[in-house]
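**Student:** Shown below is the structure under consideration.
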Amino acid sequence: MKTRLLLAVAAVAFATSALAVTPTTLQLHKAGTTTPVTTPTGGQALTNLELDPAMTAGEADSGGGSDLGPQPVVNRSIARGHAGSNRMGTARRAKANPQLLGGFDGLDFHDQRYANGGNQFSVEPPDQGLCAGNGFVMESVNDVLSIYDKAGNKLVGPVDLNTFYGYPAAINRATRTYGPSITDPSCYYDAGTQRWFQVVLTLDRVGTTSPLAGTNHLDIAVSQGADPTGAWTIYRLPVQNNGTQGTPDHGCAGGFCLGDYPHIGADANAIFLTTNEFALFGDGFYGAQIYAISKQALAGGAASPNVVLFNGGDPSVPAPAFTVWPAISSGGQYVDTRGGTEYLLSSDAVFYDSGVSNTLWLWSVSNTQAIDSAPAALALNVSPLTVQTYAVPSSLAQQKPGDTPLRDCFALKGCAPNYLGYPNIVYPAPRPMAVNDSRMQQVSYANGKLWGTLDTDVLLADGSHGSGINYFVINPASGGLSANGTLALPDANLTYGAAAVTQSGRGVIAFTVVGPNDHPSAGYAGLDAKLGAGEVHVAAAGAGPWDGFTGIPYLAGNRPRWGDYGAAAADGNTIWTASEYIAQTCTLSEYLTAPLFQCGGTRGALGNWATRISAIVP
């Protein structure tokens, strides 16, 4: 199937005519209301059920590797190959941060694990769902959310996502019963409707037991006003696409498709959600899915908003549809041509054995003004764009040494069996971390242009390979490029970039900085449509190495996971960024001091990730 797709790629020229893809018309239905309320933190420091059994078997991360096996997993990659690059990082580190208005630590592993009285699994990586507007900043990660004012004061949170969406706890440790498994949060504040939209992927269980039922859906929460601390309406959209619950049948192996890696965008008329469709209980990738939902109906709390689905796996689609990321619009700027148009971007290097490409795909859904009256009249188009060569990163990211108490306990004879309940094992300290593959990351539409980023392989000064960020500023009407380049340091990795742009066209790329001389840090760079990316700034330096559980034998797969995506959001002339970083450090002795494993409330037994939220005026 991949060979057929790639051969088709070469034959397509830039065009604006609609594809012969028949959209599927669906209807969305209300599932209740909710109000975010802080849930109490607490619970045992460590239990014998820290990881969700249904989600850890065979798990891999979005950074690559073959993980299309029969086990149910999330954030899958289809990267066929990784490639070395000859491009050397040439960016400079800024000596000061005059554009940085301020920042504060957001949610961390301790918040996540001990929310809802500790009835949560240990989850890694967080995945970042940040949005901002109307004087508020909302952050969602796996699997909690918090709401702040623009000064960084926490108004609500942490709220576990199971409670927010009206479900039982992820794991009730008293009764050993399970709630649905929630993952991949994304968030968007829409200035036009003054509503907040949040989406997650939810996988149903077999009753209250651990095994997955196969059915899965996108939970869509829509605020009922401009204040996100108030009431929200919840909608549920089935995405198993096997002919049940009103879904089309895409023939996924094993009987159920998985609507993985959902992300959100919007134009004037519709909210767009996209997923990567895999088989849940079998092998296979079935193409990205594009859902368009009436924005006015969602904002108004309608009982059954119209939904249109475009199947990226349709044989008439000439592009290899993977991680087709819809654009968010800054401050209510939208494309009004062709009856209202939403743009989306995707990349294709993951489909090649070489892991290299110089093609991006520009998608559009036009006639969105018809979403309420004639939803089947929406039209899909896709065209290739020639860009600077990019490559799937070929190496893990090295870390600056420091205290790693989880690793030290595993290595110390008697510590892991006595304290953690696992056998001793010795592994490197600190471990290298996975970077992203070259899938498209956050896309913004502002000042008449599309802005986006992806990870690419770069050559570091010591001759090793690392990760940099390829950025794109595109004139979507013509397919021309205003700016296209690679942001990379000679001595550190930049990964999981996310670009946001003000209405006047001033942009920021947020990312993690990590390398032999850098603990995982929250970084950013300015982005201009003519000058490209600027110097690398560190908004918050990491305090120590990442010291988490993924990739450790006995626990979770073989990938040392670090993030699946970052986030950034423009609110007027201010851009808010959120990046994963390490905010704490502690010794093994401190780790084993009561309360166990928490190092003064800064981490949990199995992880120490944190997030940094920054306000920047570019």
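The values are calculated or read from the model by the stated rules, or taken from the named source; none is laboratory data. This structure is a prediction, so every number in the text was calculated from the model and none was measured. Note that we place each Cβ from the backbone using ideal geometry, even for glycine, and neighbour counts take in every protein chain shown.
**Student:** Condition test on Thr550, is it farther than 19 Å from Lys95 by Cβ, out of contact with any Lys or Arg (no Cβ under 7 Å at 6 or more places or on another chain), in contact (Cβ under 8 Å) with a residue 12 or more places away in the chain and of a type in the set (S, T, N, Q)? Break it down into steps so the answer makes sense when it comes.
**Tutor:** Working: farther than 19 Å from Lys95 by Cβ: yes; out of contact with any Lys or Arg (no Cβ under 7 Å at 6 or more places or on another chain): no; in contact (Cβ under 8 Å) with a residue 12 or more places away in the chain: yes; of a type in the set (S, T, N, Q): yes.
Judged against the criteria, Thr550 is not a match.
**Student:** Going by the structure shown, is Glu59 at pLDDT 65 or above, surrounded by 13 or more Cβ atoms within 10 Å (Cβ to Cβ), part of a loop (DSSP other than H, G, I, E, B) and acidic (Asp, Glu)? Give the derivation first.
**Tutor:** Numbers: at pLDDT 65 or above: no; surrounded by 13 or more Cβ atoms within 10 Å (Cβ to Cβ): yes; part of a loop (DSSP other than H, G, I, E, B): yes; acidic (Asp, Glu): yes.
No.
**Student:** When you check Ala416 against the structure, is it in contact with a Cys (Cβ under 8 Å, 6 or more places away or on another chain), free of Cβ contacts under 8 Å to residues at least 60 places away in the same chain and among the small types (Gly, Ala, Ser), yes or no? Break it down stepwise before answering.
**Tutor:** Values: in contact with a Cys (Cβ under 8 Å, 6 or more places away or on another chain): yes; free of Cβ contacts under 8 Å to residues at least 60 places away in the same chain: yes; among the small types (Gly, Ala, Ser): yes.
Yes, satisfied.
**Student:** What strands (runs of 3 or more DSSP E) completely inside the stretch 437-502 contain at least 2 residues that are over 20 Å from Ser347 (Cα atoms)?
**Tutor:** Per the criteria, 493-501.
**Student:** Please specify each residue of the stretch 432-465 satisfying the condition of being surrounded by fewer than 24 Cβ atoms within 10 Å (Cβ to Cβ) and either small (Gly, Ala, Ser) or closer than 20 Å to Gly551 by Cβ (or both).
**Tutor:** Pro432, Gly448, Ala461, Gly463, Ser464, His465
**Student:** Does Ala543 qualify as being surrounded by fewer than 20 Cβ atoms within 10 Å (Cβ to Cβ), touching a Gly at 6+ places or on another chain (Cβ under 9 Å), within 24 Å of Ala492 (Cβ to Cβ) and among the hydrophobic types (A, V, I, L, M, F, W, C)?
**Tutor:** Answer is yes for this residue.
**Student:** Let me ask something else. For the stretch 333-344, does any single residue satisfy the condition of being more than 22 Å from Leu26 (Cα to Cα), of a type in the set (D, E, K, R) and surrounded by fewer than 24 Cβ atoms within 10 Å (Cβ to Cβ)? Full working, then the answer.
**Tutor:** To start, the set of residues in the stretch 333-344 that are more than 22 Å from Leu26 (Cα to Cα) comprises 333-338.
Going one step further and asking which of them are of a type in the set (D, E, K, R), we end up with 336, 338.
Subset that is surrounded by fewer than 24 Cβ atoms within 10 Å (Cβ to Cβ): 336, 338.
Yes, the stretch 333-344 has at least one match.
**Student:** To continue, here is another question. Looking only at the stretch 249-286, which residues are within 30 Å of Asp336 (Cα to Cα) and in a loop (DSSP other than H, G, I, E, B)?
**Tutor:** Asp267, Ala268, Asn269
**Student:** Quick one: which residue in Ala303, Ala321, Ala327 is surrounded by 24 or more Cβ atoms within 10 Å (Cβ to Cβ) and in a loop (DSSP other than H, G, I, E, B)?
**Tutor:** Details: Ala303 fails: surrounded by 24 or more Cβ atoms within 10 Å (Cβ to Cβ); Ala327 fails: in a loop (DSSP other than H, G, I, E, B).
Among Ala303, Ala321, Ala327, only Ala321 is surrounded by 24 or more Cβ atoms within 10 Å (Cβ to Cβ) and in a loop (DSSP other than H, G, I, E, B).
**Student:** Take the stretch 212-242 and flag every residue that is in a loop (DSSP other than H, G, I, E, B) and farther than 14 Å from Phe136 by Cβ.
**Tutor:** Quick first cut of the stretch 212-242, residues in a loop (DSSP other than H, G, I, E, B) only: 224-231, 239-241.
Matches in the stretch 212-242: Gln224, Ala231, Val239, Gln240, Asn241.
**Student:** Let me ask something else about it. Of Val513, Val536, which residue is touching a Lys or Arg at 6+ places or on another chain (Cβ under 7 Å), closer than 28 Å to Met138 by Cβ and at pLDDT 95 or above? Spell out the reasoning first.
**Tutor:** Working: Val513 fails: touching a Lys or Arg at 6+ places or on another chain (Cβ under 7 Å).
One residue alone meets the criteria, Val536.
**Student:** Kindly check whether there is at least one residue in the stretch 298-313 that is within 24 Å of Ala226 (Cβ to Cβ) and free of Cβ contacts under 8 Å to residues at least 24 places away in the same chain.
**Tutor:** Yes - at least one qualifying residue is present in the stretch 298-313.
**Student:** On the given criteria, is Val426 aliphatic (A, V, I, L, M) and either touching a strand residue (DSSP E or B) at 6+ places or on another chain (Cβ under 6 Å) or closer than 18 Å to His82 by Cβ (or both)?
**Tutor:** Working: aliphatic (A, V, I, L, M): yes; either touching a strand residue (DSSP E or B) at 6+ places or on another chain (Cβ under 6 Å) or closer than 18 Å to His82 by Cβ (or both): no.
No: the conditions fail for Val426.
**Student:** Looking at (1) under 20 Å from Asn436 (Cα atoms); (2) surrounded by fewer than 24 Cβ atoms within 10 Å (Cβ to Cβ), which one does Leu555 not meet, given that it meets all the others?
**Tutor:** Condition (1) is where Leu555 drops out.
**Student:** For residues that are buried (at least 22 other Cβ atoms within 10 Å of the Cβ) and closer than 30 Å to Val324 by Cα, scanning just the stretch 583-617, find the one that is farthest from the chain's Cα centre (by Cα).
**Tutor:** So, considering only residues that are buried (at least 22 other Cβ atoms within 10 Å of the Cβ) and closer than 30 Å to Val324 by Cα, the one farthest from the chain's Cα centre (by Cα) is Ile616.
**Student:** Okay, next question. Out of the stretch 355-390, which residues are at positive phi and crowded, with 22+ Cβ neighbours inside 10 Å?
**Tutor:** Taking the stretch 355-390 as the starting set, the residues that turn out to be at positive phi are 355, 367.
Across the stretch 355-390, the qualifying residue is only Gly355.
**Student:** (1) closer than 30 Å to Trp451 by Cβ; (2) free of Cβ contacts under 8 Å to residues at least 24 places away in the same chain; (3) not hydroxyl-bearing (Ser, Thr, Tyr): which one isn't true of Ala567, the others all being true?
**Tutor:** With (1) closer than 30 Å to Trp451 by Cβ; (2) free of Cβ contacts under 8 Å to residues at least 24 places away in the same chain; (3) not hydroxyl-bearing (Ser, Thr, Tyr) applied to Ala567, the lone miss is (2).
**Student:** Conditions first: (1) touching a residue at least 40 places away in the same chain (Cβ under 8 Å); (2) out of contact with any Gly (no Cβ under 9 Å at 6 or more places or on another chain). Phe256 passes all but one, so which condition is the exception?
**Tutor:** So Phe256 meets the others, but not (2).
**Student:** Cβ-Cβ distance below 6 Å, separation of 6 or more or different chains: which pairs start in the stretch 585-603 with a residue that is under 15 Å from Cys415 (Cβ atoms) and in contact (Cβ under 8 Å) with a residue 60 or more places away in the chain and end on one that is surrounded by 15 or more Cβ atoms within 10 Å (Cβ to Cβ) and of a type in the set (Gly, Ala, Ser)?
**Tutor:** From the stretch 585-603, the pairs are Leu596/Ala45; Phe597/Ala45; Phe597/Ala605.
**Student:** Within the stretch 279-297, can one find any residue that is under 18 Å from Ala31 (Cα atoms), in contact (Cβ under 8 Å) with a residue 60 or more places away in the chain, of a type outside the set (Ser, Thr, Tyr) and crowded, with 24+ Cβ neighbours inside 10 Å?
**Tutor:** Yes, the stretch 279-297 has at least one match.
**Student:** Okay, moving on. From the list Thr41, Thr22, which one is in contact with a Pro (Cβ under 9 Å, 6 or more places away or on another chain) and modelled with pLDDT of 85 or more? Even if it seems obvious, please write down each step before you answer.
**Tutor:** Working: Thr22 fails: in contact with a Pro (Cβ under 9 Å, 6 or more places away or on another chain).
None of the others qualify; the one that does is Thr41.
**Student:** In this structure, does Val538 turn out to be surrounded by fewer than 20 Cβ atoms within 10 Å (Cβ to Cβ), out of contact with any Cys (no Cβ under 8 Å at 6 or more places or on another chain), among the β-branched types (Val, Ile, Thr) and at negative phi? Quick ask: steps written out before the conclusion?
**Tutor:** Numbers: surrounded by fewer than 20 Cβ atoms within 10 Å (Cβ to Cβ): yes; out of contact with any Cys (no Cβ under 8 Å at 6 or more places or on another chain): yes; among the β-branched types (Val, Ile, Thr): yes; at negative phi: yes.
Yes; evaluated as a whole, the condition is true for this residue.
**Student:** Out of all the residues in the stretch 218-238, is one or more surrounded by 24 or more Cβ atoms within 10 Å (Cβ to Cβ), over 17 Å from the mean Cα position of the chain (by Cα), more than 28 Å from Gly192 (Cα to Cα) and at pLDDT 95 or above?
**Tutor:** Within the stretch 218-238, none of the residues are surrounded by 24 or more Cβ atoms within 10 Å (Cβ to Cβ), over 17 Å from the mean Cα position of the chain (by Cα), more than 28 Å from Gly192 (Cα to Cα) and at pLDDT 95 or above.
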